1. Tally time: how many residues in the stretch 1-37 are among the hydrophobic types (A, V, I, L, M, F, W, C) and modelled with pLDDT of 65 or more?
2. State whether the residues of the stretch 125-147 include one that is open to solvent by less than 40 Å² (accessible area, probe 1.4 Å), more than 21 Å from the chain's Cα centre (by Cα) and of a type in the set (Ser, Thr, Tyr).
3. Could you list, in sequence order, the residues of the stretch 53-62 that are within 15 Å of Gln318 (Cα to Cα) and touching a strand residue (DSSP E or B) at 6+ places or on another chain (Cβ under 7 Å)?
4. Looking only at the stretch 190-232, which residues are open to solvent by 30 Å² or more (accessible area, probe 1.4 Å) and part of a strand (DSSP E or B)?
5. Just checking, does the stretch 171-188 include any residue being closer than 28 Å to Gly312 by Cα, in a loop (DSSP other than H, G, I, E, B), touching a Pro at 6+ places or on another chain (Cβ under 9 Å) and open to solvent by 40 Å² or more (accessible area, probe 1.4 Å)?
6. Mind checking which residues of the stretch 96-121 are at negative phi and at pLDDT 90 or above?
7. For residues in the stretch 158-170 being of a type outside the set (Val, Ile, Thr), touching a residue at least 24 places away in the same chain (Cβ under 8 Å) and not in a helix (DSSP H, G or I), which is most open to solvent (accessible area, probe 1.4 Å)?
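The values are calculated or read from the model by the stated rules, or taken from the named source; none is laboratory data. Since this is a predicted model, take the numbers as computed values, not measurements. Here the Cβ is made from the backbone with ideal geometry for all residues, glycine too, and neighbour counts use every protein chain on show. In case anyone asks, the SASA skips ligands and DNA or RNA and just uses the protein heavy atoms, side chains included. Shrake-Rupley method; radii C 1.70, N 1.55, O 1.52, S 1.80 Å.
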Amino acid sequence: MRRWREAMAAALYGPDGFYTRAGNRPAAHFRTSAQIGAGFAAALGRLLERVDAALGHPDPLDLVDVGAGGGELLDSLTGAVPPPLARRLRPVAVEVAPAPPDGPGTRQVTWRRSVPPGVTGLVLATEWLDNVPVDVAEVDPDGLVRYVLVDPATGREALGGEVTGDDAGWLARWWPLTVPGTRAEIGTSRDRAWAQVVGAVRRGAAVAVDYGHLAADRPPFGTLTGFRHGREVPPVPDGTRDLTAHVAMDAVAAAGGGGAVHLTQAEALRALGVRGRRPPLALAHRDPAGYLRRLAAASLAAELTDPAGLGGHRWLIQPVALPCPATRLVARWRA
């Protein structure tokens, strides 16, 4: 048996891992905001335009997608912004798997395994941090906080040694555990991952979009789970399924250096012009085809902003050397 962080890393990113195994299409196992029509990309395009304006329209303007998958979001984003801005874009996909030979827009995108240094522009990490491997802790019957061990082949768990060092310090600050049987996902690895992303930005903003929680609403038994073929399944770290756990977004924000703004996805997308309202019925008589197009767009927008689904994602917007604080940018979006 091994600790969850080690088992999760091997199951997701090892030689035969879920995200690296030849022939596996991770997108077939779950539905993300980036896969749902053009509304999500259009909203991020508006965000990109505002970051570009705040930076004084640099040439080139970096657009980095961390955990880019097949490059679908980058492709959609380059088509969602005005042509003068698109021509200045320098899109970069950060992904552990190689570039797909037939992926959308791959000829215009630079593929890397890490975020390039000196970014001037926007870094996006949509549904990436939840896949950064974490250790799991649980309080034993005597009140001792111990690491949870797991059998990679079966998912069977047992309690291991006491949590100490940086992990214990992180729990004490961000997710205190005292009641026997309660659990937490230790976020030190995610904090370091986000700090590296933010540290690569010279001027601009880094945005994380993920299922997450804050100190006031930590789940008492953690959130670690699995997904396979579109269904939630037990989190067995055998490489056959996605493994994910919600993100402690306040801890991640602090690791990024402060100045961040937290929004739910519903708040962020509505502020960026995504609405789930049905078009007026009168339009169906005047322009049936137009009515159907707007109805389909409204349906997708409703899915993106549904608080019980993807709308429950949290957005973390972290500015770096921008001439105005993130709060002013958010006020502009909401206006």
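1. Residues of the stretch 1-37 among the hydrophobic types (A, V, I, L, M, F, W, C): 1, 4, 7-12, 18, 22, 27-28, 30, 34, 36.
If we keep only those that are modelled with pLDDT of 65 or more as well, we get 1, 4, 7-12, 18, 22.
Going through the stretch 1-37 one residue at a time, the tally reaches 10.
2. yes
3. Matches in the stretch 53-62: Leu55 only.
4. Arg202, Arg203, Phe221, Phe227, Arg228, Arg231, Glu232
5. yes
6. Taking the stretch 96-121 first, the residues at negative phi are 96-104, 106-117, 119-120.
Scanning the stretch 96-121 gives Thr110, Trp111, Arg112, Arg113, Ser114, Val115, Pro116, Pro117, Val119, Thr120.
7. Ala158
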